[in-house]
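Notes follow the structure.
The values are calculated or read from the model by the stated rules, or taken from the named source; none is laboratory data. No experiment lies behind these values; they were computed from the predicted model shown. Please note: Cβ atoms are built from the backbone with ideal geometry, for glycine as well, and neighbour counts cover all protein chains shown. Just the protein is used for accessible areas: all its heavy atoms, side chains included, with ligands, DNA and RNA removed. Shrake-Rupley method; radii C 1.70, N 1.55, O 1.52, S 1.80 Å.
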Amino acid sequence: MNFIKNNLANAITLGNLFSGSVGAIHLILGDYQTTAICIILSLILDFFDGFVARALKSNSNLGVQLDSLADMVSFGLIPGLTIVVALTGVEIRNPLESINYASKLADGHLWIPYLGLFITLFSCLRLAIFNLDEDQKYYFKGLNTPSNTILIFGLFYANKEVGSFEFLFENQIYLILLTAISSWFLISPIKMIAMKFKSMKLQDNYPKLALLIGSVIILIIFKSAGVPMVIIYYILISIIFQKQLK
């Protein structure tokens, strides 16, 4: 029983890693709906592993390391691959085509899509910094990797499913700029709202309330296209309330 108690949170974290790995595979194969489901599942598991660890008092250094390693795939590799796929402009629908696609990249004729992997590199850097920074208890320093994944894949998915953000995905320069901006935000010194409550005083939670209310309104108005817009709103609200984030 103690073994289960001590390792349940780690098992959930490994579930996050498994889901992220499956999502990455289906992204390369062009099955974006399955990737979206896998990202949602990874987000849920990423939340519950910490919740379970605290509830069972089974926090450990192993769990901390596993969490970052799992996030590196689910929220580091996937957004980087998303830009790679978007920059190629190629929709891959079966394993054979994915092999041909990989060989084209290896030929060096399509080197530009590799720039998307800078998001993966900076996600790794961000996770390493977060593990060493003891200040980020009630706020994040820079955009956290799950939010960045929602932003990048959300833009891509909305474009594929409903044709939103067409201007962005018809221009490689814009996608490269998105990659650069995303990479910078991951390691930026800008404080970002974390949904952790330091106190229950209303004045201490204005940023969180503004974020929740605004996000609901955006999702109601814009539906699926509103998902990445929520992250943009999140960044703007965090910048507005910089002085209150402590």
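Within the option set LYS196, LYS223, LYS160, LYS243, being modelled with pLDDT under 95 and outside any helix (DSSP H, G or I) holds for one residue only, LYS196. Among the conditions (1) at pLDDT below 95; (2) open to solvent by less than 20 Å² (accessible area, probe 1.4 Å), the only one that LEU8 does not satisfy is (2). For SER58, state whether it is outside any helix (DSSP H, G or I) and either open to solvent by less than 80 Å² (accessible area, probe 1.4 Å) or at pLDDT 85 or above (or both). It is true that SER58 is outside any helix (DSSP H, G or I) and either open to solvent by less than 80 Å² (accessible area, probe 1.4 Å) or at pLDDT 85 or above (or both). Quick one: how many residues across region 127-144 are in a loop (DSSP other than H, G, I, E, B) and open to solvent by 60 Å² or more (accessible area, probe 1.4 Å)? Selection size over region 127-144: 4. On the basis of being of a type in the set (Phe, Trp, Tyr), more than 19 Å from ILE176 (Cβ to Cβ) and either surrounded by fewer than 18 Cβ atoms within 10 Å (Cβ to Cβ) or modelled with pLDDT of 75 or more (or both), does PHE122 make the cut? No, not satisfied.
Listed by first and then second residue, the pairs linking a residue in region 17-30 that is under 12 Å from LEU77 (Cα atoms) and among the β-branched types (Val, Ile, Thr) to a residue that is open to solvent by 10 Å² or more (accessible area, probe 1.4 Å) and part of a helix (DSSP H, G or I), with Cβ atoms under 6 Å apart and 6 or more places separating them unless they lie on different chains, are VAL22/CYS38; ILE28/SER98. Of everything listed in (1) under 26 Å from ALA128 (Cβ atoms); (2) surrounded by fewer than 22 Cβ atoms within 10 Å (Cβ to Cβ), the single unmet condition for GLN33 is (1).
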